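In what follows, a structure is listed as structure tokens, so that the remarks can point back to it.
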Amino acid sequence: MPIEKTELRRVMGHFATGVTIITTRSNDGKIYGLTANAFTSVSLEPPFLLVCVDKKAESYPYFEESKVFTVNVLSDGQEALSRRFAVSGGPKFEGVAYRTGANGAPILEGAVAFIECKLAGAYPGGDHTIYLGEVQEAETFDGKPLLFFRGGYRTLGD
Ligand SMILES: Cc1cc2nc3c(=O)[nH]c(=O)nc-3n(C[C@H](O)[C@H](O)[C@H](O)COP(=O)(O)O)c2cc1C
């Protein structure tokens, strides 16, 4: 019998992750972003990573339209930002400090890292699409990461 949705979410929540906001843009310059923890590195040569995006997300169509996205790895002071970008639609970027990256997607101030990508592939993943990104630019900053574990936000104890 297939596992129930809420049970799958509960079990998967035992895998501790960082938290990212993945940003992208439309071809006419509108910016989009969503909170995501389905993010992992894939390959060093070539430099690939992947993110999984819900087909129902407002941001979803713009990954394939612009063929660019940026992964912003959140710091422990960015829980409120994570909550804001986990609500669909609306003026998410209002009052948010960001700059426009080389690929045209927003780079959020205060993150511990950003990774700018060019879309390198899109693969079916049920109600999500698995987007492979080829890393174009990346940078890290001081600070501690925001974590997600068992359905709640956490920070490093040290
Ligand atoms: C901790 C956390 C992790 C999430 N991870 C993902 C993810 O990996 N992929 C995804 O599509 N949505 C994920 N979501 C849900 C999206 O953030 C949410 O659906 C958001 O409203 C989408 O924004 P949009 O519709 O404006 O694009 C996550 C939410 C939270 C709180």
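Legend: distances between Cα atoms for LYS56/LYS92; LYS56/LYS144; LYS55/LYS144; LYS56/LYS118; LYS5/LYS118; pairs beyond 27 Å are LYS56/LYS144; LYS55/LYS144; LYS5/LYS118.
Under a Cβ-only charge scheme (Lys and Arg +1, Asp and Glu -1), can you give me the dipole magnitude of the range 1-150 about the Cα centre, in debye to the nearest 20? Before the final figure, lay out the partial values.
Numbers: 15 positive and 18 negative charges, 84 e Å.
With Lys and Arg at +1 and Asp and Glu at -1, about 400 debye.
Our coupling estimate for the range 60-77, obtained by passing each phi through the Karplus curve with A = 6.51, B = -1.76, C = 1.60 and θ = phi - 60°, is 3, x, 7, 5, 7, 5, 8, 6, 9, 7, 10, 9, 9, 8, 6, 9, 5, x Hz, Gly and Pro reported as x. Under 5 Å from the amide H of ASN103 lies no amide H of any residue 5 or more positions distant or on a separate chain, with H modelled from the backbone and absent for Pro and chain starts. Only protein atoms count toward the accessible area here, which uses a 1.4 Å probe; on the range 1-130, the carbon and sulfur part of that area reaches 57 percent.
Rolling a 1.4 Å sphere over the protein heavy atoms, what is the accessible area per residue of the chain, to the nearest Å²?
Working: 9090 Å² over 158 residues.
Solvent-accessible surface per residue comes out at 58 Å².
Amide hydrogen proximity for GLY143: with H placed 1.01 Å from N in the peptide plane, no residue at 5 or more positions away or on another chain lies under 5 Å.
The 3J(HN,Hα) values that the Karplus relation (6.51, -1.76, 1.60; θ = phi - 60°) gives for the range 91-100 are, in residue order, x, 4, 8, 4, x, 8, 7, 8, 10, 8 Hz. Gly and Pro appear as x. Here the calculated FRET efficiency for VAL11 and GLU137, from their Cβ-Cβ distance with R0 = 22 Å, stands at 0.05, rounded to the nearest 0.05.
If you take the Cα centroid of the range 72-141 and the Cα centroid of the range 1-53, the two points sit 10 Å apart. One quarter of the convex hull surface built on the alpha carbon atoms of the chain amounts to 9.9 nm², the projected area averaged over directions.
The values are calculated or read from the model by the stated rules, or taken from the named source; none is laboratory data. Predicted model only: the values in this text are computed from it and were never measured. Please note: Cβ atoms are built from the backbone with ideal geometry, for glycine as well, and neighbour counts cover all protein chains shown. For the accessible areas, the whole protein counts, side chains as well, though only heavy atoms, and no ligand, DNA or RNA atoms are used. Shrake-Rupley method; radii C 1.70, N 1.55, O 1.52, S 1.80 Å.
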